[in-house]
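Notes for the one structure printed next.
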Amino acid sequence: MGRKAPIEKRDAESSVVQRTEVRPEDSIPDRPENQEAREFLKNAPSKGLWLPFGKEVKVMKCWRCKQYGHRTGDRECPMKQMGNMTNEKKRRVMYDPMASMVEKRAKKKEARREARRERQLAKIAWYQELLEEEREKRDRKRNERMLAKAAKKSSKKKRKKKTKVDSSSSDSSSDSSSSSSSSSDDD
């Protein structure tokens with residue numbers, strides 16, 4: 001980006017001609033948000049057809065953020081994703097009506113998917129509750145059976161002990177009676 005030809009200014013009082021050179025940074029207003037672009041242009045080489053330091057020099061104003069050094073759609077714009085969204089939607093509908101129709105269709109499709117997911121999750125939760133109830137019933141029955149079995153075993157053990165105690169007491173009584181009878185026989 002070459003420098004423009006100097007502008008000649010004449011003073012009304014004297015015939016002295018002052019030459020001032022137009023610099024690219026002068027076309028950008030001196031505000032704090034534009035300071036970076038102005039500094040870059042001030043120090044950038046201006047002769048030749050190359051980009052200084054590999055950086056593109058843009059002396060243009062962004063319509064969204066009103067800063068100089070980039071355009072509306074550039075990555076450098078702080079409002080690239082923002083802006084007046086209602087105006088953007090209206091503009092998009094006006095210039096590309098099919099895009100808004102496709103967008104509406106995609107939203108409906110996503111809503112249907114979400115509703116289907118919700119129904120599936122509700123169904124899964126219902127099945128899990130049913131499964132949990134069945135497991136509880138099975139566990140209760142198993143516990144009842146185990147308790148009944150344990151009670152049966154303990155009652156069998158008690159009977160065995162009783163029969164052993166009865167048989168041992170009857171054996172001891174029969175032994176004592178047989179010993180008494182044998183002692184009477186010996187006489």
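The values are calculated or read from the model by the stated rules, or taken from the named source; none is laboratory data. From a predicted model like this one, the values you see are computed outputs, not experimental measurements. All Cβ positions, even for glycine, are placed from backbone atoms using ideal geometry, and neighbour counts span all protein chains on display. These area figures cover heavy atoms from the full protein model, side chains too; ligands, DNA and RNA do not enter into them. Shrake-Rupley method; radii C 1.70, N 1.55, O 1.52, S 1.80 Å.
Taking every residue in segment 53-66 that is closer than 13 Å to residue 26 by Cα and at pLDDT below 75 and pairing it with any residue that is of a type in the set (S, T, N, Q) and open to solvent by 50 Å² or more (accessible area, probe 1.4 Å), at least 6 positions away or on another chain, the pairs with Cβ-Cβ distances below 6 Å are 59/27. Being in contact with a helix residue (DSSP H, G or I) (Cβ under 8 Å, 6 or more places away or on another chain) and either surrounded by fewer than 10 Cβ atoms within 10 Å (Cβ to Cβ) or among the charged types (D, E, K, R) (or both) is the filter here, so list the residues in segment 90-117 that pass it. Once the filter is applied, which keeps residues that are in contact with a helix residue (DSSP H, G or I) (Cβ under 8 Å, 6 or more places away or on another chain) and either surrounded by fewer than 10 Cβ atoms within 10 Å (Cβ to Cβ) or among the charged types (D, E, K, R) (or both), segment 90-117 yields only 92.
A residue that is open to solvent by 60 Å² or more (accessible area, probe 1.4 Å), at pLDDT below 75 and hydroxyl-bearing (Ser, Thr, Tyr) cannot be found anywhere in segment 144-164.
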